[in-house]
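Report on the structure given below.
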Amino acid sequence: MSLIPKSHPRAKSLLIREKLVSGFDRGLVAKEGLLAHGRGEAFDYLLGEKTRKTAKLAIRASAAQILLADLPVISVNGNIAALCPKEVVRLANASRAKIEVNLFYANAKRRRNIINTLKKNGAKEILGINSSSSTILPGLDSARRIVDKNGIFAADVVIVPLEDGDRTIALRKIGKKVITFDLNPLSRTSQTANITIIDNVTRAMGLLIVECRNLSKKNKRILEKIVNDFDNKKNISDNIIEIRDNLTRRSCIA
Ligand code: PTJ
């Protein structure tokens, strides 16, 4: 049972933190994942813990890009398995995307726990399990280089929530389109992805599912226009302005 009083002004954020800590206790999250979450919380605070307009624009472009893809793949790490396993499965169903477990801090037991959690939440097919179908992503030294031949390796669009910068760069270099969720607009991942959703993955994932469902009725030309009209660099700059405006408002209130 949660110890967070519902009336607490930051109840939502503290409940997300609890989910992550529970994920750590259940063997899903790496120790380093707790630190990554703390960093995310700091940036979420700057955003006012709200989905901003720039995130909504990026979510719409992401949905269009995913629906246009021949083989979209959602990469799942420990933090994502703890924070939104159900949403990962729903997104896969709404968009025909495959799910692949891919860990930075590779660990067989944690991988098994993540797979079981995804299965419990309805995932039918999970890639990144069989070493017989694994291969190496060129240009990457970390454990994330081990990917599934039929998943990330073959994908044209890869969705990488809470990512380290090296893989985004490696994926871009071999021609993949990369969509990320990252609360830090200045991270290397944010700066190098094709589409950066600067929002808490726990808020944005649900919105992306809804947008995929809505846009699935649109034709290819409309989807291409949404993607082509989206400018990631400009959107990131606009997000920094949103943060500045939020901070100015808050310091005026204080
Ligand atoms: O489970 P593993 O072994 O694959 O490891 C996963 C982590 C997250 C530990 C690994 O990918 C890592 O170390 O990531 P980084 O390099 O710390 O980057 C995480 C990024 O995600 C940072 O820019 C954070 O600000 C951001 N972030 C943290 N929590 C959230 C977030 N972005 C969106 N939503 C969050 N809830």
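Throughout, read-outs are computed from the coordinates displayed, never taken from laboratory work. Since we're looking at a predicted model, the values are computed, not measured. Ideal geometry is used to build each Cβ from the backbone, glycine not excepted, and the neighbour counts take in all protein chains shown.
Values computed for the structure shown
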| quantity | calculated |
| --- | --- |
| Where Rh is the Kirkwood radius over Cα pairs, Rg/Rh for the chain | 0.95 |
| Ascending count of other beta-carbon atoms within 10 Å, so fewest first, for 124, 98 | 124, 98 |
| Globularity ratio of segment 17-79, using Cα Rg and 2.2 N^0.38 Å | 1.41 |
| Alpha carbon convex hull of segment 10-114, volume per residue in cubic angstrom | 108 Å³ |
| Three-way shape call for segment 1-46 based on the alpha-carbon gyration tensor, with the a/c threshold at 1.5 | oblate |
| Highest to lowest packing among 217-223, 40-46, scored as the average C-beta count within 10 Å | 40-46, 217-223 |
| Fewest-first ranking of 84, 252, using other Cβ atoms within 10 Å as the exposure measure | 252, 84 |
| Estimated vicinal HN-Hα couplings, Hz - segment 89-105 in sequence order (Karplus 6.51, -1.76, 1.60; Gly, Pro = x) | 5, 5, 5, 4, 5, 6, 10, 6, 7, 8, 10, 10, 7, 9, 10, 7, 9 |
